[in-house]
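See structure below.
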Amino acid sequence: MSRQRELKAAYKREARPMGLYAVRNTRTATAYIGAAVDLDGILNRSRFELKMGGHTNKALAADLKAHGLDAFAFEVVDRLEPREGQDDRAELEMLLKMRLEEGLTAADGSPIRLIPIAV
């Protein structure tokens, strides 16, 4: 096996950080929140889609057109430790449900409106 294939195989076996992420509109106190098994990947994808002028989530795309890319912050909200050999998607969904019920607050203590992001 070539060195490149070995590195690629090792990367695929490596556990990625998983949890909840938010694409937050800093001007409207709104956050589009979702769960992902690869936080780095989904945040990069969301940044790229918004940079390109759209997003797969229609409400987020409309928000982008109204406020511009500079209005958005990309954040990890909660992390979940992956368990070897387990499918953590059900736990991620439960974590998302709990976060939607609990809510988020801004640095000044004001509430942030949460909108689930389905991708």
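No value in this document is a laboratory result; all are computed from the given coordinates. For clarity, every value in this text was computed on a predicted model and none was experimentally measured. Because the Cβ atoms are built from the backbone with ideal geometry, glycine has one as well, and the counts that use them run over all protein chains shown.
Collect the residues in the stretch 90-119 that are more than 23 Å from HIS55 (Cα to Cα) and either touching a residue at least 40 places away in the same chain (Cβ under 8 Å) or over 16 Å from the mean Cα position of the chain (by Cα) (or both), keeping them in residue-number order.
ALA90, LEU95, GLU101, GLU102, THR105, ALA106, ALA107, ASP108, GLY109, SER110, PRO111
Going residue by residue through the stretch 35-44, is there one that turns out to be touching a residue at least 60 places away in the same chain (Cβ under 8 Å), surrounded by 12 or more Cβ atoms within 10 Å (Cβ to Cβ), at negative phi and not polar (S, T, N, Q)?
Looking for residues that are touching a residue at least 60 places away in the same chain (Cβ under 8 Å), surrounded by 12 or more Cβ atoms within 10 Å (Cβ to Cβ), at negative phi and not polar (S, T, N, Q), one finds at least one in the stretch 35-44, hence yes.
Anything in the stretch 41-82 that is under 20 Å from LEU104 (Cα atoms) and outside any helix (DSSP H, G or I)? List them, or say none.
PHE72, ALA73, PHE74, GLU75, VAL76, VAL77, ASP78, ARG79, LEU80 - these are the residues of the stretch 41-82 that are under 20 Å from LEU104 (Cα atoms) and outside any helix (DSSP H, G or I).
Only one of LEU96, LEU114 is surrounded by 11 or more Cβ atoms within 10 Å (Cβ to Cβ) and outside any strand (DSSP E or B); which?
Selected residue: LEU96, the only one of LEU96, LEU114 that is surrounded by 11 or more Cβ atoms within 10 Å (Cβ to Cβ) and outside any strand (DSSP E or B).
How many residues, within the stretch 50-89, are of a type outside the set (D, E, K, R), in contact (Cβ under 8 Å) with a residue 24 or more places away in the chain and over 25 Å from PRO17 (Cα atoms)?
The qualifying residues number 3.
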